[in-house]
Amino acid sequence: MRSIVAKISEYLGLSTEEVERRALRHLILDELRRVKAEKVLILSKYGVRSFEDLMRLVEEDKVSDVDAHDDMIRLDYLEDREKELENLLEELEGQTHRHMGNNE
């Protein structure tokens, strides 16, 4: 029994590796969009554009650190996740370019 990836690759006329790379790219991009959207929601709650801006508000006592604590922890996590996803995307695209270069 053929895998779904094999069926899709045959139908589209692409290699299974290309189908997998494209699927992974879209998966990473979807997750990046979700992470960025959540960051925007949190930042807009405080009327700021970055984690650093929120920290500044806390340091200037314009926002209570108690009130912002959970959001700051979540933002820190989201920023780390965003960087890691971007690194994975770069790595995947680097493999794609190397692979395409081998076929030329």
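Annotations for the structure displayed:
- Filtered GluC sites (Glu not before Pro), segment 1-100: DSSP coil and at most 12 other beta carbons within 10 Å: E60
- Estimated vicinal HN-Hα couplings, Hz - segment 29-43 in sequence order (Karplus 6.51, -1.76, 1.60; Gly, Pro = x): 4, 4, 5, 4, 4, 5, 4, 5, 5, 5, 4, 4, 4, 5, 5
- Top positive-direction residue, dipole computed over segment 32-103 with Cβ charges, set H69, Y46, L88: L88
- Rounded to the nearest 20 debye, the dipole magnitude of the chain is 640 debye, with +1 charges on Lys and Arg beta carbons, -1 on Asp and Glu beta carbons, and the Cα centre as origin.
- Sequence-distant residues sharing a close amide H with V63 (under 5 Å, placed H): V58
- By the helix-only formula, in which each DSSP H run with n ≥ 4 contributes -39500 (n - 2.57) and the sum is divided by residues, the chain has a 222 nm mean residue ellipticity of -29500 deg cm²/dmol.
- As a calculated quantity, the FRET efficiency between V5 and V40 at R0 = 35 Å, using C-beta atoms, amounts to about 0.55.
Read-outs: derived from the displayed coordinates by stated rules, not from any lab. Everything numeric in this text was worked out from a predicted model, so none of it was measured. As a convention, Cβ positions derive from the backbone with ideal geometry for all residues, glycine included, and neighbour counts pool all protein chains shown.
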